[in-house]
Structures are given as structure tokens and as C-alpha cells.
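Chemist: So that we are looking at the same thing, I have put the structure below in C-alpha cells.
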Amino acid sequence: GSAGVNGTRDWQENQNELSLQTARWYPSTMMLSNGSILVTGGEVGSNSAANPTMEILPKPAGGYVKFLDWLNRTSPNNLYPFMFVLPKTGSLLAAYYNEARLLDPGTLDTIKVLPNIPGSVANFLAGRTYPLEGTAVMLPQHWPYTDDAVMMICGGSANGAAYAIDNCVTIAPESANPQWTIERMPSQRVMTCITALPDGTYLILNGAQQGVAGFGLATNPNLGAVLYDPSKAVGSRMSIMANTIVARLYHSEAILLPDGSVLVSGSDPQDGTHPEEYRVEKFLLPYNLNGIAPPTFTIANKDWAYGGSYPITITSLPSGLIGNLKISLIGAVSSTHGNSMGQKTIFPYFAVSGTTVTIQA
């Protein structure tokens with residue numbers, strides 16, 4: 001499709017090509033480095049028995065389902081486990097409840113068990129995955145990609161009184177001695193949403209200050225937004241942004257738009273107090289509001305191969321010298337329950353010659 005013209009493509013279902021071997025409700029899906037899809041966890045039905053297994057789509061010859069004792073043990077606090085492919089080793093990071101581990105991408109066996117994910121001052125055992133729902137992201141990767149990748153998990157909640165977590169934690173899983181670093185958020189937050197922004201920062205918003213994910217299970221909406229800047233020193237990365245008048249509780253999302261702003265939508269708490277939310281908001285970031293128009297450019301070749309070099313032509317640069325240019329590549333992804341497993345920000349190598357910028361994919 002194009003502007004004003006609907007597309008003609010539609011969903012298709014072909015069970016000979018794609019068919020799950022086991023029933024799953026609230027699993028995670030993540031693209032592996034070979035392009036196939038890893039499906040992890042969930043339950044066999046809505047609020048039913050756990051499905052502590054992994055499988056791969058398209059189904060390998062003969063079929064294969066991997067039992068995971070660590071998901072079985074931490075049920076039911078591990079739905080939508082956080083899954084990421086790590087760039088240096090190709091190993092898989094799995095973070096679930098308050099635990100994390102590295103997996104071999106070929107066998108799906110555990111390579112290393114990471115330290116437990118710290119919770120909150122109120123409850124060290126507070127968790128991060130549904131229904132104790134936080135959000136996980138991979139921090140930006142910069143050429144030449146020699147630094148260890150860093151993962152960040154923000155928010156979550158605890159069992160019992162369900163006090164929401166007031167911190168983010170980061171770790172470099174591929175480092176020699178991975179350890180979690182705690183950074184306090186300005187307020188408690190469960191059912192967090194985090195959007196990766198093109199300048200390498202992250203917008204943290206939505207959710208509640210008490211409760212857990214689910215219908216009617218959270219109170220005290222968190223109306224504030226926070227900007228997280230990983231280029232700053234630990235402890236000074238959080239900036240308090242604007243507030244909203246719209247409660248964004250269960251089933252709310254936030255996703256990047258092409259102009260760099262963030263589309264904020266949803267909320268369906270079914271709590272008798274807050275409505276099923278049809279209002280949609282657009283959050284404008286500092287770079288949207290600084291009065292400087294964004295650069296404009298043309299791209300002749302939009303079909304990029306890994307490792308290839310591709311020219312773009314800068315047609316205007318209102319911010320000034322082309323030597324100040326920064327370029328980021330961001331995964332075009334979807335989000336559910338505040339999480340987007342393919343959301344990554346890469347600052348690639350590029351060279352400038354006049355108004356031509358050649359980017360290495």
C-alpha cells in the first residue's frame with residue numbers, strides 16, 4: 001500500500017509451514033540469528049497449566065520441543081520471558097521472574113547462570129516478568145561493536161502486597177563477571193513501556209505504582225514519563241519528563257513513529273474505575289521540540305545486505321555542519337504487554353564525502 005491506498009496483502013495460515021507443536025498462551029517469540037523464530041514458555045491455556053518449553057518455527061525436521069526446568073520451577077511468574085540474541089557470542093539471554101541465564105543457540109542448553117535479578121527495597125524477591133510485569137531492552141550498540149552489550153530491565157512488582165519496583169537494573173551478560181547495577185527511577189512502576197529513541201536514549205512511561213498485570217489488579221496509575229540516557233554516568237541517567245492525564249494501565253503500549261515521536265495507546269484495566277481507553281497520545285521528545293528541523297535525505301538502495309556499504313544523499317541539514325551528523329539504525333518492530341524483543345539501536349560506521357554519507361550495514 002501507499003499513502004491513501006490500502007495494501008492488498010493479507011494474513012495467511014499454512015499449518016504445513018508454520019504450526020506450534022504445543023498450545024501456548026502468553027509465550028515470547030524472538031527471531032534467532034538464522035531468521036527462524038524461537039518460541040518460549042507461556043501456558044497451555046488462559047490462566048492454565050504452565051508450558052515450560054521452547055520450540056522453533058518453522059518446525060525442524062522431526063520436530064523438537066525443549067523442556068526447561070528453570071521455567072517450570074518459576075511458574076507462574078515468568079510469562080513473556082525476556083529473550084535476546086547477544087551480539088558477541090551469539091548466545092541467548094533469557095530473563096524470567098528474578099533470574100537470568102545464557103543459552104546455547106544450537107542446543108538451547110544453559111551455558112551460564114547469571115546472578116539473580118535484584119528486586120526492590122521492599123522485597124528483594126520482586127520479579128520482572130508477567131504478571132510482575134516490567135520491560136527489558138538492549139542498550140545501544142556502537143561501531144566497532146567491541147564493547148559488551150548491556151541489557152536493561154525496568155520496573156516490575158512483588159508478590160503479596162504487590163508493591164511496584166522503583167528501579168532499573170543493567171548487566172553486561174557476556175562480560176567475564178556479569179553483575180547487576182541498580183539505578184533508582186523517580187517513582188515505582190509496573191506494566192512499564194520503554195521505547196528506544198533514535199538518539200540512543202529511552203522513553204520510560206505508562207503503568208501503575210501498585211499491583212500486577214491483569215484485569216483489575218493494579219492501582220495508582222503512573223502518569224509521568226522518564227527519559228533514560230545511557231551516555232551519562234550511572235546514577236544521573238534519569239530525567240523527569242511531562243505528565244499525562246490519561247491512565248495507561250493493563251494492555252497499554254508505546255512505539256516509535258517515523259518522525260521520532262512516540263505513539264502512546266491503550267489501557268483496558270476492567271477495574272470499574274478507569275475506562276477502556278480509546279484516546280491516543282503522541283509524546284514529543286526534546287529533539288522534536290528544539291526548533292531544529294530534522295535532516296532530510298534520499299536512499300536509492302533500500303535492500304541492504306549484512307556488512308554491505310550503502311550511500312545516502314543528505315538534501316538538508318538544518319542543525320549545521322555535516323560533521324555533526326549521527327546515524328542510528330533501529331529495528332522496526334511491534335510490541336505487546338510493554339515488550340518488544342526485536343527492539344535494538346545500532347550506531348553504525350559511516351563515512352562522509354560532500355553530501356554523500358556511506359553507511360556500513
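The values are calculated or read from the model by the stated rules, or taken from the named source; none is laboratory data. Only a predicted model underlies this, so the values are computations on that prediction, with no experimental measurement involved. As a convention, Cβ positions derive from the backbone with ideal geometry for all residues, glycine included, and neighbour counts pool all protein chains shown. The protein model used for the area step is the full one, side chains on, heavy atoms only, and it has no ligands, DNA or RNA in it. Shrake-Rupley method; radii C 1.70, N 1.55, O 1.52, S 1.80 Å.
Chemist: For region 304-324, indicate whether the set of residues that are within 30 Å of LEU223 (Cβ to Cβ) and out of contact with any strand residue (DSSP E or B) (no Cβ under 8 Å at 6 or more places or on another chain) is non-empty.
Modeler: no
Chemist: Further, regarding this structure: Name every residue in region 15-49 that is closer than 21 Å to LEU93 by Cα, touching a residue at least 12 places away in the same chain (Cβ under 8 Å) and either in a loop (DSSP other than H, G, I, E, B) or in contact with a Pro (Cβ under 7 Å, 6 or more places away or on another chain) (or both), in order of residue number.
Modeler: Within region 15-49, ARG24, TYR26, PRO27, SER28, LEU32, SER33, SER36, VAL39, THR40, GLY41, GLY42 meet the criteria.
Chemist: Related question: When you go through (1) in a loop (DSSP other than H, G, I, E, B); (2) within 24 Å of LEU329 (Cα to Cα) one by one for MET152, which number turns out not to apply?
Modeler: Among (1) in a loop (DSSP other than H, G, I, E, B); (2) within 24 Å of LEU329 (Cα to Cα), MET152 violates only (1).
Chemist: Right, another one. Any residue that is more than 16 Å from the chain's Cα centre (by Cα), open to solvent by less than 10 Å² (accessible area, probe 1.4 Å) and either touching a residue at least 60 places away in the same chain (Cβ under 8 Å) or within 14 Å of LEU32 (Cα to Cα) (or both) - is there at least one of those in region 62-79?
Modeler: No, region 62-79 contains no residue that is more than 16 Å from the chain's Cα centre (by Cα), open to solvent by less than 10 Å² (accessible area, probe 1.4 Å) and either touching a residue at least 60 places away in the same chain (Cβ under 8 Å) or within 14 Å of LEU32 (Cα to Cα) (or both).
Chemist: Only one of GLY260, GLY214 is under 15 Å from HIS337 (Cα atoms), out of contact with any Lys or Arg (no Cβ under 7 Å at 6 or more places or on another chain) and not in a strand (DSSP E or B). Can you tell me which?
Modeler: Just one listed residue meets the conditions, GLY214.
Chemist: Checking TYR145 against (1) in contact (Cβ under 8 Å) with a residue 60 or more places away in the chain; (2) aromatic (Phe, Trp, Tyr); (3) closer than 26 Å to SER328 by Cβ, only one condition comes out false. Which one?
Modeler: Checking TYR145 against (1) in contact (Cβ under 8 Å) with a residue 60 or more places away in the chain; (2) aromatic (Phe, Trp, Tyr); (3) closer than 26 Å to SER328 by Cβ, the one that fails is (1).
Chemist: Then there's this: Given (1) touching a Gly at 6+ places or on another chain (Cβ under 8 Å); (2) more than 30 Å from GLY156 (Cβ to Cβ); (3) of a type in the set (Gly, Ala, Ser), identify the lone condition not met by SER309.
Modeler: Just one mismatch for SER309, condition (1).
Chemist: Sticking with this structure for a sec: For region 268-321, enumerate the residues that are farther than 25 Å from TRP143 by Cα, of a type in the set (A, V, I, L, M) and open to solvent by 60 Å² or more (accessible area, probe 1.4 Å).
Modeler: Selection gives VAL280, LEU284, LEU289, ILE292.
Chemist: Does ALA100 satisfy being in contact with a Lys or Arg (Cβ under 8 Å, 6 or more places away or on another chain), open to solvent by less than 10 Å² (accessible area, probe 1.4 Å) and at pLDDT 95 or above? Walk me through it before giving the result.
Modeler: On the way: in contact with a Lys or Arg (Cβ under 8 Å, 6 or more places away or on another chain): no; open to solvent by less than 10 Å² (accessible area, probe 1.4 Å): yes; at pLDDT 95 or above: yes.
No, not satisfied.
Chemist: Collect the residues in region 227-253 that are loosely packed, with under 12 Cβ neighbours inside 10 Å and not in a strand (DSSP E or B), keeping them in residue-number order.
Modeler: Filtering region 227-253 down to residues loosely packed, with under 12 Cβ neighbours inside 10 Å leaves 231, 233-236, 242-243, 245.
Once the filter is applied, which keeps residues that are loosely packed, with under 12 Cβ neighbours inside 10 Å and not in a strand (DSSP E or B), region 227-253 yields SER231, ALA233, VAL234, GLY235, SER236, ILE245.
Chemist: Out of LYS88, LYS66, report the one residue that is at pLDDT below 95 and farther than 30 Å from ALA164 by Cα.
Modeler: After ruling out the rest, the residue left standing is LYS88.
Chemist: Residues of region 171-193 being open to solvent by 10 Å² or more (accessible area, probe 1.4 Å), closer than 22 Å to LEU92 by Cα and assigned to a strand (DSSP E or B), which ones?
Modeler: Hit for region 171-193 is THR181, nothing else.
Chemist: Given (1) surrounded by 14 or more Cβ atoms within 10 Å (Cβ to Cβ); (2) in contact with a Ser or Thr (Cβ under 7 Å, 6 or more places away or on another chain); (3) of a type in the set (A, V, I, L, M), where does LEU93 come up short, assuming only one miss?
Modeler: Unmet for LEU93, out of (1) surrounded by 14 or more Cβ atoms within 10 Å (Cβ to Cβ); (2) in contact with a Ser or Thr (Cβ under 7 Å, 6 or more places away or on another chain); (3) of a type in the set (A, V, I, L, M): (2).
Chemist: Identify, from the list LEU256, LEU223, the residue that is surrounded by 16 or more Cβ atoms within 10 Å (Cβ to Cβ) and over 24 Å from VAL150 (Cβ atoms).
Modeler: Answer to the selection: LEU223.
Chemist: Let me ask you something else. Just to be sure I understand, how many residues within region 206-217 are among the hydrophobic types (A, V, I, L, M, F, W, C) and either open to solvent by 10 Å² or more (accessible area, probe 1.4 Å) or at pLDDT below 95 (or both)?
Modeler: 3
Chemist: Would you check which residues across region 249-282 are hydrophobic (A, V, I, L, M, F, W, C) and over 21 Å from ASN220 (Cβ atoms) and list them?
Modeler: Of everything in region 249-282, those that are hydrophobic (A, V, I, L, M, F, W, C) and over 21 Å from ASN220 (Cβ atoms) turn out to be ILE255, LEU256, LEU257, VAL262, LEU263, VAL280.
Chemist: Sticking with this structure for a sec: If we scan region 324-334, do we find a residue that is open to solvent by 70 Å² or more (accessible area, probe 1.4 Å), modelled with pLDDT under 95 and within 24 Å of ALA136 (Cα to Cα)?
Modeler: yes
Chemist: Could you go through region 320-334 and let me know if any residue there is closer than 24 Å to SER239 by Cβ and part of a strand (DSSP E or B).
Modeler: Yes, because at least one residue in region 320-334 is closer than 24 Å to SER239 by Cβ and part of a strand (DSSP E or B).
Chemist: May I pose another question? Anything in region 80-113 that is without any contact (Cβ under 8 Å) to a residue 60 or more places away in the chain, among the small types (Gly, Ala, Ser) and in a strand (DSSP E or B)? List them, or say none.
Modeler: Result: ALA94, ALA95.
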